[in-house]
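Structure first, then comments.
Please treat every number below as a calculation from the coordinates, not as lab data. Since the model is a prediction, treat every value here as computed from it, not as a measurement. Using ideal geometry, Cβ is built from the backbone for each residue, glycine included, and neighbour counts are taken over all protein chains shown.
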């Protein structure tokens with residue numbers, strides 16, 4: 001699945017920080033059933049690459065699979081070997097951005113200032129992860145949109161809840177990365193399903209400005 005198609009179906013990236021290879025398929029199955037089409041496994045999760053490999057085997061053709069917390073080239077190259085195409089970073093490292101594009105991967109670096117945003121876009125970033133989103137806020141995002149190139153993919157991450165999605169969408173957010181308020185290690189599948197439904201409903205009931 002292409003990134004733009006996944007974004008159009010549901011602009012939510014599920015961040016499965018702490019997920020294990022033993023549970024990742026069941027967790028992803030619930031999320032897929034509820035409409036999620038983008039899944040990120042942060043590399044500081046237990047045996048993250050095995051989880052990513054399992055996801056690629058089971059969902060690789062119908063979900064955009066990737067890694068988060070990608071902060072160095074060796075891990076980026078290892079991720080590329082799994083066939084996963086999404087690279088998410090907490091920071092703006094232009095070397096990682098360029099290498100990801102050399103590997104024909106989609107890359108969403110973390111930015112917290114307009115200077116970082118422009119540097120990331122110049123290096124070839126496909127979109128910008130606004131992190132930590134709480135520090136920038138919807139008002140900050142609206143200000144950014146007045147100076148960034150039209151159509152820039154803006155993805156707040158950090159503290160995004162179903163209750164706050166509407167404000168962010170009104171501020172111009174393109175999509176969201178959702179983490180601990182959606183998934184936490186040890187969560188029951190039914191509780192995960194209910195949380196996923198709340199996010200999907202909040203997203204479908206809001207529109208970007």
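Once R0 is set to 30 Å, what does the formula 1/(1 + (r/R0)^6) return for the Cβ-Cβ distance between residue 9 and residue 122, expressed as a FRET efficiency to the nearest 0.05?
Working: r = 29 Å, r/R0 = 0.98.
Given R0 = 30 Å and the Cβ-Cβ separation, E is 0.55.
At R0 = 35 Å, how high is the FRET efficiency between residue 102 and residue 146 if r is their beta carbon distance? Nearest 0.05 is fine.
On the way: r = 32 Å, r/R0 = 0.91.
Efficiency at R0 = 35 Å is approximately 0.65.
Could you check the simple spin-label distance between residue 113 and residue 139, using points 7 Å along Cα→Cβ, in nm with one decimal?
2.1 nm
Based on the Cα gyration tensor of the chain, what are the three equivalent ellipsoid semi-axes, each the root of five times an eigenvalue, rounded to whole Å and given largest first?
Working: eigenvalues 116, 93, 37 Å².
Working through the eigenvalues yields semi-axes of 24, 22, 14 Å.
Below 8 Å between Cα atoms, with a sequence gap of 6+, how large is the relative contact order for the range 15-65 in percent? Before the final figure, lay out each step's value.
Working: 61 pairs, mean separation 24.0, N = 51.
Answer for the range 15-65 is 47 percent.
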